[in-house]
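Here's the structure we're looking at; comments come further down.
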Amino acid sequence: MQICVIGAGYVGLVTATCFAEMGNQVVCVERDPQRVARLARGEVPIYEPGLESMLRAQLASGQLSFSAQLKSGIRRAEIIFIAVGTPSGEDGSADLSHVLAVADELGERLERSCLVVDKSTVPVGTAERVAQRINAGLARRGVRGRVTVASNPEFLKEGSAVDDFMRPDRVIVGCDDERGRELLRRLYAPFLRNHDRLLCMGVRAAEFSKYAANAFLATKISFINEMAGICARLGVDIEEVRRGIGSDRRIGTHFIYAGCGYGGSCFPKDVKALIRTAEHEGIEPGILRAVEARNALQKTLLFQALREHFNGHLHGRVVALWGLAFKPGTDDLREAPSLVLLEALLNAGAKVQACDPAANAGVAARHGQAIESGQLVLSESPYAVCQGADALVLVTEWKQFRQPDFARIRGAMRMPVVFDGRNIYDADQLVELGFLYRGIGRPAVGSCKASAA
């Protein structure tokens, strides 16, 4: 098929590249000419495993191209995907200015009927607004025919987005037009050969499904984090509780890992937007408010634990930080728990030595002054940042941090203390090596004696 994807951000790039991989002819339109030039050279501006090699292969094959001109991108398109950003507005609601600007421009540029698909995460009723704007533009220009607008929300996890797109667990298509549904069914057929999980529904239901899915997953995370807080007071290990409840098939094991809070571009933004939607409809979203509040509190727990351990005196302490991105497999720092901890430590006068496989550059751009003063040191070596440290804090559970040489780390640190923000380490093993171990919702174990470092 001839496809145009508008927006070369995270969702747009993955969508365009994966559709091209399946043999479609794809033009990805992006307003920023410098970004277009970089992409045309095969330079991917985001960190996403597998994306760059696939993109370069499709550029070489001619199946994928990039353009800064909307008119050239839509000229032959059978399907146009809108994949631009919908950031949170000042009141937390989704900012649709980019989506509606694309709709207005399509109304000015389209020369014929086609299927337009909202890939961006948008509130209920957006497809109707987009259709109205496009068709009004066509009517003003005397173009015959009308555009159908469908909703096809993305369910991509950063760090595994390519695999999620190529092997989806479900594809939701919201379209009130039979021809449009059939066109999307054909487009997604190669991705669903082994398991036909294409779910067709109304446009508004599809739009809402994306928000409801993310809100539910965020709720599971905040629930287990609240249980961890209670466990900490009762001397109960949340990891044992997690295994106990996760074995119930009605609950399951996914998204019930206690930690230092969720971040990223989706959960925080979508929970906020759903809260505003409920308020607009006169409904009090008590559960969603609690989810948001719990997560905000959770992001402060590691700093509170550090401050408590050092009796409120963090000035001059050296803290090693493992992990800065909001999750493994990405360089995304949006709403990352690490930023809350890092800011608090710097304000308290601590020296921070941090390591992340992908997000160091992003943190450097935010905290250049701290780097210049020497208060913040960034390194690619997890062992280097432990040298002379008074505490090691795991924030993001990258694979590189899962089975380190703790004997080596014990010798490098001044005070062998581990704060495990993701509960991935064996507490007993660390105690045997002479560490004090503190997790999330787990009893503190071991003792701390200064080492030769």
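The table below lists the values:
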item: Quotient of Cα Rg and 2.2 N^0.38 Å for the chain, N being how many residues it contains; result: 1.08
item: Å² of accessible area per residue within the range 1-138, as computed with a 1.4 Å probe and no ligands counted; result: 39
item: Residue-averaged 222 nm ellipticity for the chain, from DSSP H runs of 4+ at -39500 (n - 2.57), nearest 500; result: -13000 deg cm²/dmol
item: Rounded to 5, percent antiparallel among DSSP beta bridges of the range 112-221; result: 10
item: Fraction of antiparallel bridges per DSSP, the range 326-453 only, in percent to nearest 5; result: 10
item: Reachable lysines, given that their alpha-carbon falls under 23 Å from the alpha-carbon of Lys399 and they are not under 8 places away in the same chain; result: Lys157, Lys299, Lys327
item: Alpha-carbon Rg with Dmax, taken over the range 49-126, Å; result: 15.1, 45
item: Residue-by-residue Karplus 3J(HN,Hα) for the range 296-309, coefficients 6.51, -1.76, 1.60, Hz, glycine and proline x; result: 4, 5, 4, 5, 9, 5, 5, 5, 4, 5, 5, 4, 5, 4
item: Beta bridges by DSSP in the chain, antiparallel share as percent, to the nearest 5; result: 5
item: Euclidean distance between Cα centres, the range 236-264 to the range 387-453, Å; result: 22
item: Three-way shape call for the range 298-453 based on the alpha-carbon gyration tensor, with the a/c threshold at 1.5; result: rounded
item: Whole-percent carbon and sulfur share, accessible surface of the chain, 1.4 Å; result: 49
item: Approximate spin-label separation Tyr383-Phe255, in nm, with each point projected 7 Å along Cα-to-Cβ; result: 3.9
item: Longest segment of the chain lacking GluC sites (Glu not before Pro) that sit in a DSSP loop with at most 10 other Cβ atoms within 10 Å; result: 91-280
item: Within the range 243-303, trypsin sites (Lys or Arg not before Pro) in DSSP loop having at most 13 other beta-carbon neighbours inside 10 Å; result: Arg249, Arg250
item: Virtual spin-label span in nm between Arg233 and Ala365, 7 Å along Cα→Cβ; result: 4.2
item: Amide H contacts under 5 Å for Arg317, placed H, 5+ residues apart; result: Lys351
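The values are calculated or read from the model by the stated rules, or taken from the named source; none is laboratory data. All values derive from a computational prediction rather than experimental measurement. Don't worry about glycine lacking a Cβ; one is built from the backbone with ideal geometry, like all the others, and counts go over all protein chains shown. The area values use the complete protein model at the heavy-atom level, side chains included, leaving out ligands, DNA and RNA. Shrake-Rupley method; radii C 1.70, N 1.55, O 1.52, S 1.80 Å.
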